[in-house]
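First comes the structure, then the notes that go with it.
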Amino acid sequence: MGAAVATIGIFLPAFVFVALSGLLLPRIRRSTMARAGLDGVNVASLALMAVVTAELARAAVVDWMTLALAVIAALLLFRWKVNSAWLVVGAAVIGVAMHAT
């Protein structure tokens, strides 16, 4: 029960803000200064995601198997547009199989 309440408490505000911003963004975009501020926020969020991705990759890719999985997953994701859920399932199956032997 506590996990459900915590999950709702974490995600509900984001959904509310997205719903509200969907109504307000067209009006805000008309302002030159507000548009510049939003563009800056977009760039900052992309930079933050890039840094976090690099840090996670540095922590996760620790041997040849994780490197191979990362390269194969990137190819499947970007070249053939495989759903990321399938990539997670496939990597889990490969990881369990590798540690079972």
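The values are calculated or read from the model by the stated rules, or taken from the named source; none is laboratory data. For clarity, every value in this text was computed on a predicted model and none was experimentally measured. Counting neighbours? That spans all protein chains shown, and the Cβs are built from the backbone with ideal geometry, glycine included.
Odds and ends about this structure:
- Residues located in segment 54-87, provided they are at pLDDT 95 or above and β-branched (Val, Ile, Thr): 61, 62, 71, 72, 82
- Residue match in segment 51-64 (condition: among the aromatic types (Phe, Trp, Tyr) and surrounded by 10 or more Cβ atoms within 10 Å (Cβ to Cβ)): no
- Taking first residues from segment 47-72 that are closer than 19 Å to residue 84 by Cβ and partners that are among the hydroxyl-bearing types (Ser, Thr, Tyr), the Cβ contacts under 8 Å between residues at least 6 apart in sequence or on separate chains come to 60/66.
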